[in-house]
Structures are given as structure tokens and as C-alpha cells.
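As C-alpha cells, the structure follows; a few thoughts come after it.
Values quoted throughout were computed directly from the atomic coordinates according to the rules given, and no laboratory measurement underlies them. If you're wondering where the values come from, they're calculated on a predicted model, not measured in any experiment. Don't worry about glycine lacking a Cβ; one is built from the backbone with ideal geometry, like all the others, and counts go over all protein chains shown.
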Amino acid sequence: MNESPLELIRRLGASFLFVADRVGMMGIFLAKAFLYCFIPPLKVSLILKRIRFIGLQSTLLIILTGAFTGMVLGLQGFYTLNRVGSTAFLGPAVALSIIKEMGPVITGFMVTGRAGSAIAAEIGIMRISEQIDAIELMGLQPFRYLVVPNLLAGIIALPLLTAMFDVVGIFGGYLVGVKLLGVSGGIYFGEMAASVTMDHVLEGLYKSLSFGVIITWVGCYKGYNTGTIGWGAEGVSKATTQSVVLSSVMILVWDYFMTSILF
């Protein structure tokens, strides 16, 4: 049976209100998290533990990903530039691609899959097992213990991981372009030094900072509100999946807006 136009409008309106409600709730959640970041005392030991979890334990993954990303860029860039006789610009092509875009974005994706999903699962399990309710009954603020440490750790760890990705990726491109394909090492780094400016480095830094906020914000929000998604193992599973998908999409969307508007 075909729906009437009024019923279709009603459904569209209900969907819009649902999305607007969720966006507003996420915005309030983030604002509350940032508020508690400036209200002492900060749980320094918890922040350091989360930096270790998000940053240090992701190091090997970032090194491997950065190395092979740089190697692929060096290989593809060489054959593309060789067609127009511009292999001397392989260094700048690899460096700018990694520093401005691929470094922050791929690092964000890797941390989302490894740490963002775990954050959502951990907090989600605490929600369904009523541990968060117990914290509130003791007169404590769960945001201080669960959200703020993750948020600050993401802001600190993501730029460091991105910098590591950039360095390893550039040397991966050097390994393929110079050692394998015969580009001059002096030209590779010389043209790179002449082309890459501090503005390019800062662009990648700002992006990685914002991606750190997105990953931890979404992971904490989905885990904290697991009860509204579902209970038990199904609720945790949905919260984890939604946090990874939403974080990945938000990283790409925010990357576009930062690139087109701010830079």
C-alpha cells in the first residue's frame, strides 16, 4: 500500500528530529567532557595509562602502516612522474601527500580500529554491568575517570603517532625511490626541503589533534550510552561497531572541511 504524502513527510520529520537529537546529545557530551578537563583535580595516573594504551601500544601498527604507505607512494609516484620526466619531485610528492593528508587520516583510521573500538567496548561493559551507576552512587563523577583521561590522551597521542607515521613514511618512500628505483638521494631530500614548509606540518598537526578528539569522543559517547542502543553483549557489539563506523566517517568529513576551509 502506497504511503500518503503526509505520512512520508511525517516519517522524514521524525528521522530529522531523531538525528538532530543525537547530534545535540553528542555535542553536550563533548562540551561536558571539555568542561571537566579544566576542573581540577585531573586524574594524571589515568591519563598516563590511557596515553600508553592509545599511543605506545599503537606504535608498531603505525610504523608498519607508515612504512608500507610510503613505499607504495614512492613506487606509484615514481612511475607517474617518470612519464613527464619529473622524478626529481618524488621527494616532495611523497612528503606532502603523507604530511598533509595520508599521515593524519590513516593514523586516525588505525587508532580508531585498535583503540577507539576498545574504548567503546570497555565503557559499554561498565555501563551494562552497572559499574558506572556504582561510581555515581559513591558521589563520584564518571566523566573524570572514564571520559576525560581518554580525551586528553587522544589529544596528546594522535599528533605523536602522526609524526611517527610521517617520518617512517618518508623513509619508506626513500627506500623505494632511491635505493630501489635509482632516484638521487640528494635530490629526494633537497627538493623535499625546498617544498615542505611549516604550514604543511602544522596542517597535519591540527588535523591529528582534531582526529584525536573525534576518536575518543565518539568511542566514549557510544560506550557511555550503550544502554540506549541495547543491553548485554548485543548492546556492546552495536556500540563498538557504531563507534568505529561513525569515527571513520567523521574523520573523512572533517578532513575535507579542514582542507577546503581552513587550509
Which of the listed residues, GLY177, ILE47, LEU262, is farthest toward the dipole's positive end in region 44-262, when Lys, Arg count +1 and Asp, Glu count -1 at the beta-carbon? GLY177
Considering every Cα-Cα pair within region 142-263, what fraction, in whole percent, is farther apart than 19 Å? 62
Under a crude label model (7 Å from the Cα following the beta-carbon direction), how far is ASP21 from SER45 in nanometres? 4.1
From the P(r) of region 130-172, could you give the percentage of C-alpha pairs in the tail past 16 Å? 56
Pick from MET102, MET126, MET138: which residue has the top mean-square fluctuation in a GNM of the chain where Cα pairs under 10 Å get a spring? MET138
For PHE29, the net charge from surrounding residues (Cβ-Cβ under 11 Å; K, R +1; D, E -1) works out to +3
Straight-line reach only, C-alpha to C-alpha below 22 angstrom: list the lysines that LYS238 could link to, leaving out same-chain residues fewer than 8 apart. LYS222
Treat every Asp and Glu Cβ in region 158-263 as -1 and every Lys and Arg Cβ as +1, leave all other atoms uncharged, and give the resulting dipole magnitude about the Cα centre to the nearest 20 debye. 260
If you take every residue apart from LEU252 with its C-beta less than 15 Å away from the C-beta of LEU252, what net charge results, scoring Lys and Arg +1 and Asp and Glu -1? 0
Cα Rg over Rh - region 28-93, Kirkwood: 1.34
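Using a Förster distance of 22 Å, how high is the FRET efficiency between PHE38 and TYR145, based on the Cβ-Cβ distance and rounded to 0.05?
Taking R0 as 22 Å, the efficiency between PHE38 and TYR145 is 0.85.
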Debye, to nearest 20: dipole size of region 44-262, +1 on Lys, Arg Cβ, -1 on Asp, Glu Cβ: 260
Taking a ≥ b ≥ c as the square roots of the Cα gyration tensor eigenvalues, with a/c under 1.5 meaning rounded and otherwise prolate when a/b beats b/c, else oblate, which class fits the chain? prolate
With helices defined as uninterrupted DSSP H runs, which ones in the chain have an alpha carbon span along their own long axis of at least 18 Å and mean Kyte-Doolittle hydropathy of at least -0.5? 5-37, 59-82, 148-174, 198-224, 232-257
Cut-off 10 angstrom, C-alpha nodes, Gaussian network model of the chain. Which of VAL111, VAL72, VAL44 fluctuates the most? VAL44
